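Single-structure report; data block below.
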Amino acid sequence: MSAKIALPPVTQTLFDVRFFLAIKVLLFTLLIPGTVILYFPYSMVSASAGGLHIASLLLALPAGVFILIGLAIYLRCAWDFAVDGLGTPAPIDPPKHLVRGGLYRRSRNPMYQGVLLLLLAECLLFPYAGLWTYFGSIALVFQTFVVFYEEPALRKRFGDAYEAYCRQVPRWGFAVRIPATE
């Protein structure tokens, strides 16, 4: 007869969950925003007749500022999704909780706005008209995705809490007044 050893149950700590989420957010960021912000613009500009060169030093300064702000916005939003929402920016693995803190107190879509700032910076840096068309196309894709997929999905998932949030916080831009938190 052999003695059975009782092992403690395997539990995930909140740290484990957030660490795993951080890995998933990183992978998503490299795959989706990385492709939208880096791969496609680089491919378009490097394939153009002019090749890859900076338009003007005068435009490099605001472009640099937009890059810093856009990156800060994206990273803060991704952090809020993982830490507060316990999810990722990926539609197949959304936050479990409605994220209303951080930049989401001032705008319902700051992550998209951060990505658009990064694309705007590229438009300023590289003299290729196709980038402006790409920028406009991505903005239109974001608007369409938000209106026809994200918002209905969030209404269904979070109900009245999301409706109240929509009444307090604008879809685009940033609210000057910060709404009171619940």
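The values are calculated or read from the model by the stated rules, or taken from the named source; none is laboratory data. Quick caveat, the model's predicted, so the values are computed rather than measured. As a convention, Cβ positions derive from the backbone with ideal geometry for all residues, glycine included, and neighbour counts pool all protein chains shown.
Would you pick out the residues in segment 109-128 that are assigned to a helix (DSSP H, G or I) and under 21 Å from residue 80 (Cβ atoms)?
Across segment 109-128, the qualifying residues are 110, 111, 112, 113, 114, 115, 116, 117, 118.
If we keep just the residues of segment 66-105 that are farther than 18 Å from residue 22 by Cα and charged (D, E, K, R), which is surrounded by the most Cβ atoms within 10 Å (Cβ to Cβ)?
100
Counting residues that are more than 22 Å from residue 174 (Cβ to Cβ) and of a type in the set (Ser, Thr, Tyr), which helices (runs of 4 or more DSSP H) fully inside segment 13-101 reach at least 2?
Where helices (runs of 4 or more DSSP H) fall fully within segment 13-101 and carry at least 2 residues being more than 22 Å from residue 174 (Cβ to Cβ) and of a type in the set (Ser, Thr, Tyr), they are 40-47.
Give the residues of segment 153-182 that are exposed (fewer than 11 other Cβ atoms within 10 Å of the Cβ) and assigned to a helix (DSSP H, G or I), sorted by residue number.
Result: 156, 160, 167.
Does at least one position in segment 87-103 carry a residue that is over 12 Å from the mean Cα position of the chain (by Cα), at pLDDT 95 or above and of a type in the set (A, V, I, L, M, F, W, C)?
yes
Matching residues to (1) at pLDDT 90 or above; (2) within 30 Å of residue 84 (Cα to Cα):
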| site | (1), (2) |
| --- | --- |
| 7 | no, no |
| 11 | no, yes |
| 17 | no, yes |
| 20 | no, yes |
| 28 | yes, yes |
| 40 | yes, no |
| 44 | no, no |
| 53 | no, no |
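Look at segment 25-82 and say how many of its residues are among the aromatic types (Phe, Trp, Tyr) and without any contact (Cβ under 8 Å) to a residue 12 or more places away in the chain.
Residues in segment 25-82 being among the aromatic types (Phe, Trp, Tyr) and without any contact (Cβ under 8 Å) to a residue 12 or more places away in the chain: 2 in total.
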